[in-house]
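The structure appears below as C-alpha cells.
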C-alpha cells in the first residue's frame, strides 16, 4: 500500500496551476498518474505485449540453456589497437573541439563540435561568436543523431538500380556538353535555403555556363509573403533584424518569434536579456501576444489574446487605426486610406486593443510590433507602417543587406515552367518536395484541375536528386545521389545576422555522400575536390587581411571571419507600395464559425518542416505546449471540442471545399486525431506540419535498437500529414472566404487514435511548485517566492532521522533555473539525451510511462478559477509556465534511504549519485522520489528494437513488443554517437540526472593534473557547466559551485526570487528555481488575471 | 526383531553434519581465495604479437616510460605506442630481427599491431592515468616492476577492494613527483633532510623527520598527502559515471 504524504493544508485561495484538463476535472486517469510513481501497467507486459508468465517461461528456458555451456568462464581475449601513425592533435580518449556551423534556412548557427577518436558526439554553440553567445536549440542538438541515422541514403541510384559514382560523373559530363550547347535551356535547380556564399559563387559560374538555367529556392516554412513585403518596402536583398534588447513593449501578432527552432537565437537572447529581473528596482519588457494557438511566445506573454489566425488582418487593421489616431503618421494614413475595409470584422475586446495600442504609443522608438510569416503581404506591409509610425524603424527594427540574386524564381514559377514542358533536367538538392511542396501549384489546362508537385515532377524527363534519405522524392527521380551531412562536408554559411561562418567536416562521409557544392562543382566540370578548395576560393575573394594561410586557419579555428561585416542599410519605409496590395486582396474575412472553422497550418516544434522525421530524439521529444510525443494532432479549444462533441484522441475529418474562380471544385480532406488544448482560439483548428513523412524503412522504430536486417520499401512515420491541406493559394490558413475556398467542414469520424501524451505523466503532488508574481507584486513583496500561503507554519524544519551526508568536499555543486527566461524550448532535454546516452523508447513505451528523459519540462497552465471549483466550463485563456525538472539532488534524499543495496548514495560534493552496477532494480527509490525524476530501464532499449510496426486501418501504430526474441546489437553508426564518458545502461537499472557527473569528474581530474605537485586542486570558477545549461539559449539554467559566493550560481541563488521545491519536506534540494515575474499593464482588462500561478494573497475578484 | 542398522549408524547424521560444515567451509574458503581477481587475474601473461621486452628497453637501455606511453600524463588512457614510435628506432636498430616482423608489416601495410589487452578495466569503471601519475602515484603501484619483466603479465589484482585500499590510505603509495616513473625507487632512497626541506612533515609527526636516518613509506606518504592536498575519492562517482 502506498503511503500518501499529508501535505500541509492548502489555503482557501486554492491551487491555480494545473497540467491538464484531466487534473482540472480530477479524472481517475489523472489520479493514477499522480498517486503512483509508475502508472498501472508500467511494470507489466500487458495487452498485446507479452504476459509476465510468458516472459518468465521464456527466461527460464534461456537460463537453462545458458547453464549448459558455462560460456562465460574464460576471459575473452581483447586487443589494444593503436594507430599506425600518429594522428595530428589526437590523444586517445581525449575530446577535441572544432568550430563549425549548422546551415539553417534562417541563417546558420555557429557551433563547436566535440569529437572523440575521430567521431563527433556532441554539438555546442560557439562561445567565441559574439552574437550567438554559444546558444543552441533542439534541432542543433538533435542533428548529431541524423549523422548516424542508419537509414540514411548510402548509394548512388539510377532508375532504381545501384550504380557506381563514375556512371553519375559520366552523366554529368554528358549533360554539360548537351545542355551547354542550348545555353542551359531546360536546366533547372530546386534547392534549400542555406545562405552559403560558395554555393552562390558556384551558381554564378553555372549561370555563366548555362545562361538560361533556372534556379528555384524552396523552403516550405520560409514565408514568401514576408520576403515579398520586406523587399518591396525596404528594397531587394533587405532583411529585417528585430532588436529585442532595445524594445520595451512588444506586440506579437501570430508571430512565434521565441520559437528557437526557427534558428533566430539572437532574437530570443535579446528578448530574454530584458527579462532578467535581479532586484525589485529592475525593469523588464512587456510582451503582448495575439495568436490562435498557444506558442512558446504565448507562454511567455504578459498579455495574451486568443484570436483566429484569419482575424489577425482585422486586428492589425484596427490596431493601425488606433496608432494612426495617436500619431497621425502620414505613411500610415496613406496605407490605411488606400485599403478597403470590407467584410464584417470580428469584435475584439475594445479595451484590450486600445490599451495595448496606448502602451505602444507611450514608447515610440522602443516598441516593436511583429507579425507572423503566415499573414498576407498587405498585413506585413501594414505592420511595417505601424512600426514606422511608432518610430521603431532603425531603432528596434533594423534592415540589413543580404546577398541577393534577382534571377531566383519561386516554386510556383518553377511549377508553371514544368507544367509547360520547359524543364528537361531538374536537379533537386535536398528538401523533399513530393512530401512538402504546396498543393495545387499549377493547373492542368485540359481538366482545369490543380496539379501537385508529385505529378509535376513526373513531367520532367530527367530528375537528379541529391537527398539525405531515399524518400518519396527520390522514388520519383531518375537519379538519386546520397547527400553528405553538414558534419561531413566543407562549407560556409551566413548567420541570420549576416556573419560569415566556416563549416568544416568532423569525419569523412560515412556512406560516401556528396555535398551540394561538390555536386555543383562536378557539374561545372571543376577538378574533383576532397578538401576545402572551393571554400578557400570563396574566402580568398573576400580579401582577408594579412597572410592568406594565417587568415584561413583563423577562419577555421574561430569558425567565423570578422573582416566580412554585415551591411546595415537605411531603414526607411516606402509607404507607397501600392503594387503589393493588388497581389493580395485586402479584404477582411468574416470570423470563422463553428460550422466552418479555420484550419491553421503551422510548423512543428519537433519535426520542423518534416526534415527530422527520422530523428528518434525529436520524435520522442514532448511538444513543449501539448506534451505530445511521436505524433501531431489537430489542436482545438475545449469549448469548440465540446461543441463538436470530441475529446482528445477522437478522429476528425477535415474537409476543405475549394471552388476556385478558374477551375473545378474540389475537396481536400485529412483525417486527424484531436487534441484539446486550453488557450486555443475557438472555431479554429491548428495542424502542425512535418509529420507522416514517408521514410525508408530500416528498423521497426527509428533509432531504438537494431534489427540489423535492412527492410526494403518506404514506410510512413507516425502522425498526420498536414501538407495535404496546404495549397499554394492558402499556405498558412484555410478559412471560408479565403482564396477559392467555399467552406471548411469538420466531422467526427467516430473512432479514436492512441496518443502518447506526456502531460499527466510524472505529475507531482504538493504545492508551490511554480511560483510567479507580477512585477508590481514583486516590488510590493520581494520575498513572495520564499513564502507560500500555508507554509509559514512549517518554517521550522522537522529533524531528519537519517544522518546528514558529510558534505566536506571543497566545492559543492548545485543548479538554479530561472523560470523568468525559460521559454520551454526543450533544447536542454535533447542536449541531456545526447550527452548522457539516454535511449529512445518508442511510442508505445512512452504511453506506458517508460520514457527515459532525465530532464523533463513540466508545463503548467495557470488560471484564475480554482482547480476544485470546476463548474463544467473549462478555463478559456489560461497562462502557461514551463518548469524544467531534472533531479533536484536533495541533500536529505528520500531515494537514498530506501535503496536496499546502496546503489544510490550521496557524494561528498553534494550529488545524489547512482552506481548502475550496484542497482538491482527494486525501484523503491523512484517510489520514494517526490519529483518523479527517476527512470527505470524496463527493457534493453539501446540493444534491441522495442516495437514492431502494426498498421491498424489507415493508421500507423506501433503495437507489438518483441524485444526478448529479437537479435541483440545496435547498428555501428548508432554506437558511434555514444558519449564514451557515460555508461550505457542496460535493462533493469535505475537511472536519473547525474548533474553531468562525467563533466564534473573531467574538470576535477584536469584540475588535479594541473595541480601536479602542488596543493591547489580547486576547479576554476564557472569553468565548465552541465549539458543542459550549456545548451540553453537563454542561460536560464546555471550550474556551479554553491559554496563559492562569487560563482554565477551562488549569485543567482542569492536573489529574492530563489525558491526550492517542497521545502517543507526538509529534503534540502540542491537545485532551486527563480520565480517567474510577469509584467502586466494595470490598465488592461485582463490585468488582474496575470501572474497568478502562485497567488501570494487573495486575488481581488 | 533384529536391528537393521548397527549402533554405529547413530553417528551418521552427526558425521554428515560435520562433513557438511567442513565442506561448506572449505568451499567458501576456496571461493574466497580462488574466486577473486587476486587469484584469477594476477599472473595473466598472454602471448603478444611481438614479445616486447620491457626489461631490455627500460632497465638496459634506460628509456623512460613516457617515450612510448606518451599521453599518460594528459589522458585517461595510457596509450600503447603506435607503429611509428617503434619504427623511430627500429628502422636502424635490430632492423632484421624476425621477432619484429609484425611491426615492420604494420609499417608497410598501415594495419596496426593488435596487442593483447592485459590491464582491462570493465566498461563501467572510469580510471584516469593523468589523475594518478601527476599526483605522486607511480606506475609501479598498479603495474608492478614492469621494468624487470621480459614479457608483461598482470601483476596486481585490480579489484575494487584493491583500488579502495589505496584510495583510503594513499600514504602507503605516494612518492615524490620526480620518482613516479622510476620503478626501482625505494623509500630508503629518500634523504630525510632534503625531503623535509622540500615537503615539510606531517602536522602530527611526533619527531623531527629530518633528523631520522631513514624514512618509512608511511612518513613519506603522509607528508606528501598533506603537502599536495591529496584526497582521493571513495564515493561511487569517483570511478562510476
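The values are calculated or read from the model by the stated rules, or taken from the named source; none is laboratory data. Everything numeric here is computed off the predicted structure, so don't read it as measured data. Reconstructed Cβ throughout: ideal geometry from the backbone, glycine too, with neighbour counts over all protein chains shown.
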Subset of region B:202-226 [away from chain A (no Cβ under 14 Å) and either loosely packed, with under 11 Cβ neighbours inside 10 Å or over 21 Å from residue B:167 (Cα atoms) (or both)] = B:204, B:205, B:206, B:207, B:208, B:209, B:210, B:211, B:212, B:213, B:214, B:215
request  = Among the numbered conditions (1) in contact (Cβ under 8 Å) with a residue 12 or more places away in the chain; (2) surrounded by fewer than 20 Cβ atoms within 10 Å (Cβ to Cβ); (3) more than 36 Å from the chain's Cα centre (by Cα), tell me where residue A:131 comes up short.
outcome  = (3)
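Return the residues of region A:1064-1090 that are closer than 21 Å to residue A:855 by Cβ and part of a helix (DSSP H, G or I); say none if nothing qualifies. Please lay out each step first, then the result.
Here is the first cut: in region A:1064-1090, the residues closer than 21 Å to residue A:855 by Cβ are A:1067-1076.
Matches in region A:1064-1090: none.
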ask   = Going through region A:972-985 one residue at a time, which ones are more than 10 Å from every other protein chain (Cβ to nearest Cβ) and more than 26 Å from the chain's Cα centre (by Cα)?
value = A:972
message = Going through A:788, A:764 one at a time, which residue ends up being assigned to a loop (DSSP other than H, G, I, E, B), surrounded by 15 or more Cβ atoms within 10 Å (Cβ to Cβ) and modelled with pLDDT under 70?
response = A:788
message = Going residue by residue through region B:18-37, is there one that turns out to be more than 14 Å from chain A (Cβ to nearest Cβ), within 20 Å of residue A:80 (Cβ to Cβ), at pLDDT 90 or above and out of contact with any strand residue (DSSP E or B) (no Cβ under 7 Å at 6 or more places or on another chain)?
response = no
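For (1) out of contact with any helix residue (DSSP H, G or I) (no Cβ under 9 Å at 6 or more places or on another chain); (2) more than 14 Å from every other protein chain (Cβ to nearest Cβ), each residue gets a yes or a no:
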site: A:874; (1), (2): no, yes
site: A:881; (1), (2): no, yes
site: A:888; (1), (2): yes, yes
site: A:894; (1), (2): no, yes
site: A:901; (1), (2): no, no
site: A:909; (1), (2): no, no
site: A:913; (1), (2): no, no
request  = Within region A:74-108, track down each residue that is surrounded by 15 or more Cβ atoms within 10 Å (Cβ to Cβ), out of contact with any helix residue (DSSP H, G or I) (no Cβ under 7 Å at 6 or more places or on another chain), in contact (Cβ under 8 Å) with a residue 12 or more places away in the chain and in a loop (DSSP other than H, G, I, E, B).
outcome  = A:90, A:92, A:93, A:94, A:104, A:105, A:107
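Table: residues versus (1) touching a strand residue (DSSP E or B) at 6+ places or on another chain (Cβ under 9 Å); (2) buried (at least 17 other Cβ atoms within 10 Å of the Cβ).
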{"position": "A:1000", "(1), (2)": "yes, yes"}
{"position": "A:1004", "(1), (2)": "no, yes"}
{"position": "A:1015", "(1), (2)": "no, no"}
{"position": "A:1020", "(1), (2)": "no, no"}
{"position": "A:1030", "(1), (2)": "yes, yes"}
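Using the structure shown, decide if residue B:241 is within 14 Å of chain A (Cβ to nearest Cβ), crowded, with 16+ Cβ neighbours inside 10 Å and either touching a strand residue (DSSP E or B) at 6+ places or on another chain (Cβ under 7 Å) or free of Cβ contacts under 8 Å to residues at least 60 places away in the same chain (or both). Please lay out each step first, then the result.
Details: within 14 Å of chain A (Cβ to nearest Cβ): yes; crowded, with 16+ Cβ neighbours inside 10 Å: yes; either touching a strand residue (DSSP E or B) at 6+ places or on another chain (Cβ under 7 Å) or free of Cβ contacts under 8 Å to residues at least 60 places away in the same chain (or both): no.
In short, no.
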In region A:990-1025, the residues that are within 13 Å of another protein chain (Cβ to nearest Cβ), touching a helix residue (DSSP H, G or I) at 6+ places or on another chain (Cβ under 7 Å) and within 18 Å of residue A:134 (Cβ to Cβ) = A:996
Failed criterion for residue B:81 (all others in (1) touching a helix residue (DSSP H, G or I) at 6+ places or on another chain (Cβ under 7 Å); (2) loosely packed, with under 15 Cβ neighbours inside 10 Å; (3) under 22 Å from residue B:154 (Cα atoms) hold) = (2)
query = buried (at least 24 other Cβ atoms within 10 Å of the Cβ) and touching a residue at least 24 places away in the same chain (Cβ under 8 Å): does that describe residue A:919?
reply = no
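Restricting to region A:462-493, give me the number of residues that are in a strand (DSSP E or B) and closer than 22 Å to residue A:424 by Cβ. Explain how you work it out, then say what you get.
Within region A:462-493, the subset in a strand (DSSP E or B) is A:462-467, A:479-483, A:491-493.
Right, trim to closer than 22 Å to residue A:424 by Cβ and you get A:462-467, A:479-481.
Going through region A:462-493 one residue at a time, the tally reaches 9.
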request  = For region A:194-205, state whether one or more residues are assigned to a helix (DSSP H, G or I) and at pLDDT below 90.
outcome  = no
Condition check for residue B:194: more than 14 Å from chain A (Cβ to nearest Cβ) and buried (at least 19 other Cβ atoms within 10 Å of the Cβ) = no
request  = Output the helices (runs of 4 or more DSSP H) that fall wholly within region A:322-430 and possess 3 or more residues being modelled with pLDDT under 85 and crowded, with 17+ Cβ neighbours inside 10 Å, or say none.
outcome  = A:330-338
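Is at least one residue of region B:227-238 more than 9 Å from every other protein chain (Cβ to nearest Cβ), within 25 Å of residue A:907 (Cα to Cα) and not in a helix (DSSP H, G or I)?
Taking region B:227-238 as the starting set, the residues that turn out to be more than 9 Å from every other protein chain (Cβ to nearest Cβ) are B:232.
With within 25 Å of residue A:907 (Cα to Cα) added as a condition, the list becomes B:232.
Still in the running and not in a helix (DSSP H, G or I): B:232.
Taking every residue of region B:227-238 in turn, at least one turns out to be more than 9 Å from every other protein chain (Cβ to nearest Cβ), within 25 Å of residue A:907 (Cα to Cα) and not in a helix (DSSP H, G or I).
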ask   = Taking residue A:239 and the conditions (1) within 28 Å of residue A:385 (Cβ to Cβ); (2) assigned to a helix (DSSP H, G or I), which numbered condition does it fall short on, given that it satisfies the others?
value = (2)
